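First the structure, in the form of structure tokens, and then the observations on it.
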Amino acid sequence: MIKVNVTIIGGGPSGLLLSQILMNAGIETVIIEKHTKQHVLSRIRAGVLEQGTVSLLDKAGVGKRVYEEGFRHEGTLISSENKSFRISFRDTVRKNVTIFGQTEVTRDLYDAQENIDAKIIHGVSDVQIIDPLKNNPEVVFYDKNGLKKKIISDFVVGCDGFHGVSRQSIPANKKKEFERIYPFGWLGILSETPPVSEELIYANTRDGFALCSMRNESLSRYYIQCSLKTKAEDYSDNYFWQELRARLPEQFKGSLVTGPSIEKSIAPLRSFVIEPLKYGQLFLVGDAAHIVPPTGAKGLNLAFSDVFYLSNAFKLFYAGKGEVELENYSGKALSRIWKAVRFSWWMTTLMHEFPSADPFDRKIKLSEIDYLENSKYAQKVFSENYVGLPF
């Protein structure tokens, strides 16, 4: 049996960051994770970090490489109808975002956790949260050797993703779930090629959406809108490059460098939120609580804002300041979550072509993109949301 202050279910970036912040404050944690460390580090995810996220990582002691190796972007490009325009974050809101892969963030968090001898148990199965309503709830599981284990703690935090056990541990009559499933996906590839642009390009065409992103100066990440009725292996690299080039404005077509994909996948798009984020001594963080389509680059950033609110509440509790902030966690986090969900929904609606769209819908979309191009106020609202609302 293990006794700690906080049990964290899920060893992804949000669970690792929460543990890092709490342990730095002298609050004892244990993380349980069903996958191996190698599997967690193999996940290819987005890498657009808000300024608040970078600051949070830095305060946790894991910001060095982000500052040294990350690419600061002070704007982004929007294209439609074979033309593009740039929105300057620096000019509109005096902020920026940083391009630094989520895999690298996770790697740095693992290194930091190992440096302070954090307890992370990999390869667990059959995890159960026993009565989250009682004080000192128990978490039972089987370790990688098939032995049954038990953790007793003051609190349990579910950082175990959309399909994890934490959200399922809340009775149906004690939660509300809100969901919007989009009728398309993103076909994405990773290629060892230089990026087509120094900044991200969000492209809208009659044939669908495209996104040009990057990991570094020689590693590019590209996406195109695709049908959910297909699989990644249905698409050849040649088809992908042809479609991507066709969806780019003329000025970028000639500078697109193609090459073999080293990773290819299809991601479905959905918006999802559960309310509340607290049930007894159980708290939900990140994908266990909410999912946003990747169009607005909010997924990891939103998970880290949850960590910010919850870690502050725990620090106040263990400093003898009571449970007020713990009780307020759900409301505070959800206020920011819903704003990010709105922005991600808006960007997804604006930049993608829906199967049910008619000529009227297309005209409205083009009018809105034209308004965004020519209104400094619209660009300021866009920038404020894209770089991240304050915590």
So which residue, out of Val93, Val48, Val341, gets the largest mean-square fluctuation from a GNM of the chain using Cα contacts under 10 Å as springs?
-> Val93
Partner lysines for Lys176 [C-alpha distance under 26 Å; skip if fewer than 8 residues away on the same chain] = Lys134, Lys278, Lys298, Lys332, Lys339
Cα gyration tensor shape of the range 129-173, rounded if a/c is under 1.5, else prolate or oblate by comparing a/b with b/c = oblate
Where the centroid of each part is defined by its Cα atoms, how far is the range 191-210 from the range 75-110 in Å?
-> 13
Simple label model, 7 Å out from Cα along Cβ direction - Tyr239 to Asp370, nm = 3.5
Sort the range 310-350 into rounded, prolate or oblate with this rule: let a ≥ b ≥ c be the square roots of the eigenvalues of the Cα gyration tensor; rounded if a/c is under 1.5, and if a/c is not under 1.5, prolate when a/b is larger than b/c, oblate otherwise.
-> prolate
Candidate cut points under chymotrypsin sites (Phe, Trp or Tyr not before Pro) in the range 8-86, DSSP loop plus at most 15 other Cβ atoms within 10 Å of their own Cβ, are none
Highest-MSF residue in the chain out of Gly47, Gly280, Gly15 [GNM, Cα springs under 10 Å] | Gly280
Taking R0 as 30 Å and r as the Cβ-Cβ distance between Leu41 and Asp361, the FRET efficiency 1/(1 + (r/R0)^6), rounded to the nearest 0.05, comes to 0.10
Karplus-derived HN-Hα couplings along the range 164-176 (A = 6.51, B = -1.76, C = 1.60, θ = phi - 60°), whole Hz, x at Gly and Pro | x, 7, 4, 5, 5, 7, 8, x, 4, 7, 10, 9, 10
Specify the inter-centroid distance of the range 357-391 and the range 1-63, based on alpha-carbon positions, in whole Å.
-> 34
Whole-Hz Karplus couplings 3J(HN,Hα) for the range 179-196, θ = phi - 60° and coefficients 6.51, -1.76, 1.60, Gly and Pro as x, run 9, 9, 9, 8, x, 6, x, 10, 8, x, 10, 10, 9, 7, 9, x, x, 6
In nm, the gap between the two label points placed 7 Å beyond Cα toward Cβ at Asn145 and Ser55 is 4.6
Applying the Karplus parametrisation 6.51 cos²θ - 1.76 cosθ + 1.60 with θ = phi - 60° to the phi angles of the range 209-226, what ³J(HN,Hα) value in whole Hz is obtained for each residue in order, glycine and proline being reported as x?
-> 7, 8, 9, 10, 10, 7, 9, 7, 5, 10, 9, 10, 10, 10, 9, 9, 5, 8
Taking the Cβ-Cβ separation of Asn173 and Ile130 as r and a Förster radius of 22 Å, what is the calculated FRET efficiency to the nearest 0.05?
-> 0.70
Go ahead and estimate [θ] at 222 nm for the chain from helices alone: -39,500 (n - 2.57) per DSSP H run with n ≥ 4, summed, over the residue count, rounded to 500.
-> -11500 deg cm²/dmol
Counting only DSSP beta bridges with both residues in the range 1-149, what percent are antiparallel, rounded to the nearest 5?
-> 70
Which loop trypsin sites (Lys or Arg not before Pro) in the range 1-91, with loop taken from DSSP, have no more than 16 other Cβ atoms within 10 angstrom of their Cβ?
-> Arg43, Arg45
Along the dipole axis of the chain (charges at Cβ: +1 for Lys and Arg, -1 for Asp and Glu; origin at the Cα centre), the most positive-end residue among Leu200, Leu372, Phe141 is Phe141
Please give every one of the aspartates and glutamates within straight-line cross-link reach of Lys174, meaning a C-alpha to C-alpha distance under 14 Å, and leave out same-chain neighbours fewer than 8 residues apart.
-> Asp131, Glu275
Percent of beta bridges antiparallel (DSSP, the chain, rounded to nearest 5) = 70
Given the options Val381, Val124, Val292, state which has the largest fluctuation in a GNM of the chain using a 10 Å cut-off (strictly under) for Cα springs.
-> Val381
Based on the alpha-carbon gyration tensor of the chain and its eigenvalue square roots a ≥ b ≥ c, which shape applies: rounded if a/c is under 1.5, prolate if not and a/b is larger than b/c, or oblate?
-> prolate
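Where a number appears in this text, it was derived from the coordinates with a stated rule and is not lab data. Quick caveat: nothing in here was measured; it's all calculated off a predicted structure. Here Cβ is always computed from backbone atoms with ideal geometry, including for glycine, and neighbour counts include all displayed protein chains.
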